[in-house]
1. For the residues 15, 100, 84, what sequence is obtained by ranking on other C-beta atoms within 10 Å, fewest first?
2. Place +1 on the Cβ of every Lys and Arg and -1 on the Cβ of every Asp and Glu in the stretch 12-100, take the dipole about the Cα centre, and give the residue among 26, 83, 72 whose Cα lies farthest towards its positive end.
3. Return the FRET efficiency for the residue pair residue 19, residue 78: r is the Cβ-Cβ distance, R0 is 25 Å, and the value is rounded to the nearest 0.05.
4. For Cα Rg over 2.2 N^0.38 Å, one of (i) 1.04; (ii) 3.34; (iii) 2.09 was computed from the structure I shared and the rest are decoys. Which label?
5. To the nearest 20 debye, what is the magnitude of the charge dipole of the stretch 12-100 about its Cα centre, counting +1 on the Cβ of each Lys and Arg and -1 on the Cβ of each Asp and Glu?
6. Apply 1/(1 + (r/R0)^6) to the Cβ-Cβ distance of residue 5 and residue 54, taking R0 = 41 Å, and write down the FRET efficiency to the nearest 0.05.
7. Note the angle between two axes, namely the Cα long axis of helix 51-100 and the longest principal axis of the Cα atoms of the chain, as a number of degrees from 0 to 90, rounded to the nearest 10.
8. Can you show me the helix-derived [θ] at 222 nm for the chain, built from DSSP H runs with n ≥ 4 at -39,500 (n - 2.57) apiece and divided by the number of residues, rounded to the nearest 500.
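Bear in mind that the values in this text are calculations on the coordinates, not laboratory data. Note that this is a predicted model, so its numbers are computed, not measured. Because the Cβ atoms are built from the backbone with ideal geometry, glycine has one as well, and the counts that use them run over all protein chains shown.
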Amino acid sequence: MDNNICRCGLPLELKTPWTYLNPSRLFLACQQRWKVSGCGLFVCCDPSTCPRCKDTMPELLNSNNRLQEENMFLKSKNKEFPWKIWFMGFICGIVVMWTKG
């Protein structure tokens, strides 16, 4: 491996996994590592994650995933909101015209 070039001649990719076993641990990998023709090169770049991080990171990842799901749900509800306001304004306008009329 010379200057981050894989033994198969492709540039290596620097990756940061967010798995439960190795959260935020950097590694270099061949671009073709998941393909049948890939060489499968995989090299860790930093020391193993500390035990406290291994205990804490899964909770943080789960919390982050829950917040992202809640955010997507609220965004979908927010798209419905303008129609509800318009409809209520329309109904209120009809009621006001009907009571004055």
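1. 100, 84, 15
2. 83
3. Details: r = 32 Å, r/R0 = 1.29.
The calculated FRET efficiency here is 0.20.
4. From the options (i) 1.04; (ii) 3.34; (iii) 2.09, the structure gives (iii).
5. Values: 12 positive and 7 negative charges, 54 e Å.
Magnitude of the dipole: close to 260 debye.
6. Numbers: r = 32 Å, r/R0 = 0.78.
The value I calculate is 0.80.
7. 20 degrees
8. On the way: 1 runs with 50 residues, N = 101.
After summing the helix terms and dividing by the residues of the chain, the value is -18500 deg cm²/dmol.
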